[in-house]
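*Asks:* First, the structure itself, so that you have it in front of you.
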Amino acid sequence: MNFEVELPNGAATVSALWAPASGRGTVVVAHGAGAGMEHPFLTGFTDALNAAGFSTLRFNFPYREQGRRMPGPAAHAIATWRAAVAHARSLAPDASLWAAGKSYGGRMASMAVAEGMDVDGLIYLGYPLHPPGRPDKPRTEHLPSITVPQLFIEGSNDPFIQPLSQFEEAVESCSDARVEWIDGGGHSFEVMGNKRPPEVVAASLAPIVAAFADA
């Protein structure tokens, strides 16, 4: 499946994977900066959501579709998010819809919502508060303007949110946000001494997302 994105420099076509289910709404899922939509983490996550009754739409950002490793301008990602949500609504027009993203993908979703994208809630699979080791470069300016519910799923050892006090302050600045901690988890929720495949790790997050969506 593909859908078209209107970018400032012209239209682009990106790949997507739609998995319909019934009863609990739609979750649109974006990949992180370093991996595309078919990464095992996203496969495990969406498979578990499908089994729980959620339809899912995964998609690539244009830079991944073009074979590049580094993300393009934020405006391109925001435009892609808008197109992905519109596409998901065309496939299931009556369903509730949540935007979820791994790291970069979640941050781009939050920027799109801050600029007016309409969703029922935001789900961050490891929000990248700042580059590792650079707490002086926080990515938080837009968060207080978001009014929809936000769920931060975070590993307590994630270098992107250290020190934790800075992250907690960022969450407190939001109008409606909660955090679910993965004790000892890193940026992809890996826990030292408990080696599991990424698809298994991601599937374990689905019940947290389901409870948030149902609430």
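*Asks:* When you scan the stretch 94-113, do you find a residue that is among the β-branched types (Val, Ile, Thr) and either surrounded by fewer than 22 Cβ atoms within 10 Å (Cβ to Cβ) or part of a strand (DSSP E or B) (or both), even just one?
*Replies:* Within the stretch 94-113, the first condition is being among the β-branched types (Val, Ile, Thr), and the residues that meet it are 113.
From what's left, either surrounded by fewer than 22 Cβ atoms within 10 Å (Cβ to Cβ) or part of a strand (DSSP E or B) (or both): none.
The answer is no; no qualifying residue exists.
*Asks:* When you go through Ile161, Ile146 one by one, which is the residue that is in contact with a Leu (Cβ under 8 Å, 6 or more places away or on another chain), crowded, with 22+ Cβ neighbours inside 10 Å and of a type outside the set (Gly, Ala, Ser)?
*Replies:* Ile161
*Asks:* Quickly run through the stretch 120-179 and pick out the residues that are within 19 Å of Val29 (Cβ to Cβ) and touching a Cys at 6+ places or on another chain (Cβ under 8 Å).
*Replies:* Ile146, Gln150
*Asks:* I need the full set of residues from the stretch 188-209 which are among the charged types (D, E, K, R) and under 16 Å from the mean Cα position of the chain (by Cα), in order please.
*Replies:* Within the stretch 188-209, Glu199 is the sole residue that qualifies.
*Asks:* Among (1) within 16 Å of the chain's Cα centre (by Cα); (2) part of a helix (DSSP H, G or I), where does Ser165 come up short?
*Replies:* With respect to (1) within 16 Å of the chain's Cα centre (by Cα); (2) part of a helix (DSSP H, G or I), Ser165 is out only on (1).
*Asks:* Moving on to the next point. Answer yes if at least one residue in the stretch 64-78 is under 24 Å from Ala210 (Cβ atoms), within 17 Å of the chain's Cα centre (by Cα) and either part of a loop (DSSP other than H, G, I, E, B) or modelled with pLDDT of 95 or more (or both), and no otherwise.
*Replies:* Checked the stretch 64-78: no residue is under 24 Å from Ala210 (Cβ atoms), within 17 Å of the chain's Cα centre (by Cα) and either part of a loop (DSSP other than H, G, I, E, B) or modelled with pLDDT of 95 or more (or both).
*Asks:* Identify all residues within the stretch 149-158 that are crowded, with 18+ Cβ neighbours inside 10 Å and over 18 Å from Ala100 (Cβ atoms); write none if there are none.
*Replies:* Asn157
*Asks:* Under 9 Å between Cβ atoms, at least 6 apart or on separate chains: pull out the pairs that start in the stretch 104-127 with a residue that is more than 19 Å from Arg89 (Cβ to Cβ) and in contact (Cβ under 8 Å) with a residue 12 or more places away in the chain and end on any residue that is part of a helix (DSSP H, G or I) and of a type in the set (D, E, K, R).
*Replies:* What qualifies is Tyr124/Arg107; Tyr127/Arg107.
*Asks:* If we keep just the residues of the stretch 165-202 that are in contact with a helix residue (DSSP H, G or I) (Cβ under 6 Å, 6 or more places away or on another chain) and charged (D, E, K, R), which is surrounded by the most Cβ atoms within 10 Å (Cβ to Cβ)?
*Replies:* Out of the qualifying residues, it is Glu199.
*Asks:* Just for the stretch 118-143: of the residues that are part of a loop (DSSP other than H, G, I, E, B) and under 14 Å from the mean Cα position of the chain (by Cα), which one is surrounded by the most Cβ atoms within 10 Å (Cβ to Cβ)?
*Replies:* Applying the filter and picking the extreme gives Tyr127.
The values are calculated or read from the model by the stated rules, or taken from the named source; none is laboratory data. These numbers come from a predicted model, not from an experiment. Cβ: placed from backbone, ideal geometry, glycine included. Neighbour counts: every protein chain shown.
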